Amino acid sequence: MSKGPSLFKRLLLGFLCVMLPVWLGLLTIFIVEQRQSSNDMETGWMRLDADKVLASVRSMANQPDAIREAAENIERLQSAYYLSTGMEHQYRVQVWRSGTPIYTSHDLPLTAPAVTKDGTVSMPGVAAWNYWIARDPASGLIVRIAQRNGPKVLSSSILSFYFLPLIVCFPFLMIPAWFVTRHGLRPLGAIIQQIEARSGSELSALAASPYVELSPLVESVNKLLDRLSQRLLREKEFLADAAHELKTPLAIIQLNSDALLRANDAARRQAAHTGLGEGLARATHTVHQLMALARSEADATTDAAQPLDLAELLRDRMVQVVQLALRRGIEIELQAPESCVLNLHRESMASLIDNLLDNAIKYSPQDSRVSVSLKLRTNEHGVQLCVSDAGPGIPTALRRKVFERFSRVPGQDQSGSGLGLAIAELAAQRNGATIVLETGSDGIGLLARVEFDIQA
């Protein structure tokens, strides 16, 4: 098994990434609430302590020394209590009477209280301290209980109260997530097993998946299997066609080579040599046509079309066949605009033009004319390429059949593989065009019309 990223681990990590922020968010809420509760409790304790101190010293209003001793004892006892609970000593006491300080803790700032007309006490505070004030109007005593501000450190008991349940529950949450993820990935594992159980020659479609998430994957795999099946079928057909078509020229080569070896005079050797050359030419032409057919079929899944000047390509391909036409005394006439740019595939278009021109020259009689035209059909938003000859033409009943592989019109003397029009049709489809065969002008010859849809 190859090592690499795990989809199972990725899903578990996704669960973890969702659960962890939720857990941290809850913890933050708990801590904030605990701090607020702690502040409220501190205020309540200071109020209670201030009332207790005031009640303890009220009867000693005229005895400052007794008040100081009582306040000092209370502060010491309260500090001892804080130390026993593990908290830092922050408890401070001040006692005032009629604006005169009687007792104050050593580090608590001394600020005089002010009594307003309505009887409330205004006592300036210090930013570093929280305090509560209790007042006895009858005796004029004012008690101030203060605690220093600072970071509230949560005790171990509070931390364990909030952290421990979440830490204990976390593994128990991941175990169900593990089972759910494992169970959820089973359909994907079933598809993998279905593919692995197949032989190399089995390319039938996979069974459709009932799950919406897996249906696109199964459809994509089935499309790939279909393309592979079609490609293998084309390769088998190509091999069968190549074997069938090469039998005749190879047999001709074999017979003429044997005749060349047995020939006793120059005439027979010349005849055998000529036959050998014809056989080689026919075999070479067949091989070239088969390769062109294979390229045309493969082109359907390759690069996208690019802007191409069809008029320039047409003139270039006509130059290639001029010598062949001149040897037979055939005149080639071209009517085309200076430029005609369309989105086309150059190689397949060159193959289409070559085959149409080759057929027109091959089947035209000597000293005749082949007419080629490229026209823009403005009203119908299309471009039309026409190639017409003065040959025997093709009967209407056979005009569809001649586009099949190795199909030839009966009774023709010219040699050929029967692949030219099949290649041309594949090339036309590749470029979004159609080929139509009609009778030539004045009822003579054949007119091959290729129509391109500009909008397409």
**OP:** Out of the residues in segment 41-73 that are of a type in the set (Val, Ile, Thr) and under 13 Å from Ile102 (Cβ atoms), state the one that is surrounded by the fewest Cβ atoms within 10 Å (Cβ to Cβ).
**Re:** Ile67
Subject >> Selection from segment 331-366 of residues that are among the β-branched types (Val, Ile, Thr) and touching a residue at least 40 places away in the same chain (Cβ under 8 Å) >> reply: Ile332, Ile353, Ile361
Subject >> Matching residues, segment 434-454, being of a type in the set (D, E, K, R) and within 45 Å of the chain's Cα centre (by Cα) >> reply: Arg449, Glu451, Asp453
Subject >> Sole exception among (1) open to solvent by 70 Å² or more (accessible area, probe 1.4 Å); (2) outside any helix (DSSP H, G or I); (3) at pLDDT below 75 for Trp132, by number >> reply: (3)
Original post:
When you scan segment 195-220, how many residues do you find that are touching a Leu at 6+ places or on another chain (Cβ under 9 Å), closer than 22 Å to Arg231 by Cβ and polar (S, T, N, Q)?
Top reply: 2
**OP:** Taking the residues in segment 328-347 that are of a type outside the set (D, E, K, R) and touching a Ser or Thr at 6+ places or on another chain (Cβ under 6 Å) as candidates, determine which candidate is least open to solvent (accessible area, probe 1.4 Å).
**Re:** Ile330
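How many residues are more than 25 Å from Leu12 (Cβ to Cβ) and modelled with pLDDT of 80 or more if we restrict to segment 161-194?
Final tally of qualifying residues: 1.
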Original post:
Would you say Phe15 is open to solvent by less than 50 Å² (accessible area, probe 1.4 Å), within 30 Å of Gln193 (Cα to Cα) and of a type in the set (Phe, Trp, Tyr)?
Top reply: no
Original post:
Can you name every residue in segment 359-407 that is modelled with pLDDT under 85 and of a type in the set (Asp, Glu)?
Top reply: Glu380, Glu404
**OP:** For segment 74-86, name all the residues that are loosely packed, with under 14 Cβ neighbours inside 10 Å and over 60 Å from the mean Cα position of the chain (by Cα).
**Re:** Arg76, Leu77, Ala80, Tyr81, Leu83, Ser84, Thr85
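The values are calculated or read from the model by the stated rules, or taken from the named source; none is laboratory data. Note that the coordinates shown come from a computational prediction; the quantities given were computed from them, not determined experimentally. Here Cβ is always computed from backbone atoms with ideal geometry, including for glycine, and neighbour counts include all displayed protein chains. Note: accessible area is taken over every heavy atom of the protein model, side chains too, but ligands, DNA and RNA are not part of it. Shrake-Rupley method; radii C 1.70, N 1.55, O 1.52, S 1.80 Å.
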